[in-house]
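Down below is the structure, laid out as structure tokens.
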Amino acid sequence: MTAGSDPAFRIEALSSHDRSAFCCGNDRIDKYFREVVTQDIKRGYANCFVAIEIKTGRLAGFYTLTSNSIPLTEIPDDLKKKLPRYPTVPIALIGWLGRHVDFKRRGLGDVLLFDAIKTIAIAPIASHAIVVDAIDDAAIKFYRGYGFVSLAADRANRMYLPVATALKAIAD
């Protein structure tokens, strides 16, 4: 069984879920999720999906998705060989991803990432790749474990993974 099919959690769109007690251990992520995410949704800047623990109904984690693009010049040469020479490449941005501290070491980060990849892959709008802005070194390590590569040496936290590669990674 892949982490993306873990029956301990269900993933659904954020609606009236109580976010007030959410704590992932990073103040920036916590503040965004508690205070800002609903405004981003209303403005059409992002969609937010939450993981709910089936057994307890507790909000366990979340991620946001935004459509975006990046300049073709930012993509590493070996990855842009087969891409059309348009000035920009359509991408999906996983803007925020957080897991409540009570759910540490339960594979929830994997569940959230796998669900985000699947959501991007089946979306009616095309995205060539997934981009993340990893918030710290632990996040960089997490994303590298799934094949994400840094887009620039001077900005290691901006990471990129073609959707086709992501789908192969979660299928394995």
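The values are calculated or read from the model by the stated rules, or taken from the named source; none is laboratory data. What you see is a predicted model, and the numbers here were worked out from it, not measured in a lab. Please note: Cβ atoms are built from the backbone with ideal geometry, for glycine as well, and neighbour counts cover all protein chains shown.
Considering only residues in segment 115-172 that are at pLDDT below 90 and of a type in the set (Lys, Arg), the one that is nearest to VAL50 (Cα to Cα) turns out to be LYS168. The listed residues are CYS48, CYS23, and the only one of them that is in a loop (DSSP other than H, G, I, E, B), out of contact with any Gly (no Cβ under 7 Å at 6 or more places or on another chain), closer than 18 Å to GLY109 by Cβ and of a type in the set (A, V, I, L, M, F, W, C) turns out to be CYS23. Tell me, yes or no, whether segment 37-54 has at least one residue that is farther than 23 Å from ALA123 by Cα and free of Cβ contacts under 8 Å to residues at least 24 places away in the same chain. No: segment 37-54 contains no residue that is farther than 23 Å from ALA123 by Cα and free of Cβ contacts under 8 Å to residues at least 24 places away in the same chain.
Within segment 122-150, the set of residues being aliphatic (A, V, I, L, M), surrounded by fewer than 20 Cβ atoms within 10 Å (Cβ to Cβ) and closer than 23 Å to LEU72 by Cβ comprises ALA123, ILE125, ALA126, VAL149. Select from segment 65-102 the residues that are touching a helix residue (DSSP H, G or I) at 6+ places or on another chain (Cβ under 9 Å) and within 21 Å of PRO7 (Cα to Cα) and write down the one among them that is surrounded by the fewest Cβ atoms within 10 Å (Cβ to Cβ). Checked segment 65-102; the qualifying residue surrounded by the fewest Cβ atoms within 10 Å (Cβ to Cβ) is HIS100. When the strands (runs of 3 or more DSSP E) confined to segment 110-172 are screened for residues that are farther than 26 Å from LEU14 by Cβ, those reaching at least 1 such residues are found at 149-152, 155-162. Any idea how many residues of segment 74-109 are more than 20 Å from TYR32 (Cβ to Cβ) and in a loop (DSSP other than H, G, I, E, B)? So the count comes out to 12.
Scoring ALA121 on the criteria (1) touching a His at 6+ places or on another chain (Cβ under 7 Å); (2) more than 25 Å from ARG155 (Cα to Cα) leaves a single failure, condition (1).
Considering segment 37-64, the residues that are polar (S, T, N, Q) and surrounded by 14 or more Cβ atoms within 10 Å (Cβ to Cβ) include one that is farthest from the chain's Cα centre (by Cα), namely THR38.
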